[in-house]
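Below is one structure, written out as structure tokens, with a few remarks after it.
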Amino acid sequence: MTATAANTEVLDRLERETCSRCGGGGSYSWCQSHGSRCFKCGGKGEVLTKRGHAANLYLRSLMTVSVASLEPGDVVRVDGMTAGCQMYTCWATVTEVRDEPDNVNGHTVVVVTKDKFGGCEHHKQPTATLQVRFDVEKRREHLAEALKYQAGLTKAGKRRKRRRKA
């Protein structure tokens, strides 16, 4: 299963509703740059509800770790800019994590490799976090926890004050 398929699987299980802009069709108005794809739902026809959005934020927090706890071999989601000034986001393997003692700001350097882009260094604060790709079993555990969290939310995406009757 690819990373995109795994992320789609997670989002499909969180609470969704039909897109109010396009009515579920996935297209709205035409523009030369993007065609007729709906900007609200990205052409999917569905969006996360407030409850689903809050659960998705919680799920993403479960899938992030601090830069200081990274180890070589971990697969993390990194972003950057190519020499042609194009922004990118990809999954890359951590090859080295080191502190910069000479740096006044005390950055931690995370060296990653990706087949498409090669190796690169990312300078992060030691308190920064990165999203980590866990194995399938761990992702299912995180999803179950996020769904449990979602069940404890109101329709507005806030924590329930009283227990919900079964």
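Laboratory data are not the source of any read-out in this text; all were calculated from the coordinates shown. These figures come from a predicted structure and were not determined experimentally. Here the Cβ positions follow ideal geometry from the backbone for every residue, glycine too, while neighbour counts run over all protein chains shown.
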Any idea which of Leu143, Leu14, Gly118 is furthest toward the positive side of the dipole for the chain, if Lys and Arg beta-carbons carry +1 and Asp and Glu beta-carbons -1? Leu14
For Lys44, list the aspartates and glutamates whose Cα falls under 13 Å from its own Cα; do not include residues on the same chain fewer than 8 positions away. Asp12, Glu17
Lone cysteines in the chain, defined as no other cysteine's Cβ under 4.7 Å from theirs: which are they? Cys31, Cys85, Cys90, Cys120
Could you give the length gained on full extension between Val109 and Gln86, defined as 0.36 nm per residue of separation minus the Cα-Cα distance, in nm? 6.1 nm
List the lysines whose Cα lies under 27 Å from the Cα of Lys114, skipping any in the same chain that are fewer than 8 positions away. Lys124, Lys138
About its Cα centre, what dipole magnitude does the range 65-131 give when the only charges are +1 on Lys and Arg Cβ and -1 on Asp and Glu Cβ, stated in debye to the nearest 20? 240
Calculate, in nm to one decimal, what Thr64 and Asp99 gain on full extension: separation in residues at 0.36 nm each, minus their alpha carbon distance. 10.6 nm
When a/c is below 1.5 the answer is rounded, else prolate if a/b is larger than b/c, else oblate, so apply that to the chain with a ≥ b ≥ c taken from the square roots of the Cα gyration tensor eigenvalues. oblate
Can you run phi through the Karplus equation (6.51, -1.76, 1.60; θ = phi - 60°) for the range 25-35 and list ³J(HN,Hα) in whole Hz, with x for Gly and Pro? x, x, 10, 10, 10, 8, 9, 5, 6, 10, x
Which of the peptides 13-21, 152-160 is most tightly packed, and how do the rest follow, judged by the mean count of other Cβ atoms within 10 Å per residue? 13-21, 152-160
Relative contact order of the chain, defined on C-alpha pairs under 8 angstrom at six or more residues apart (%): 21
For the Ser36, Ala151 Cβ pair and Förster radius 35 Å, calculated FRET efficiency rounded to 0.05 is 0.45
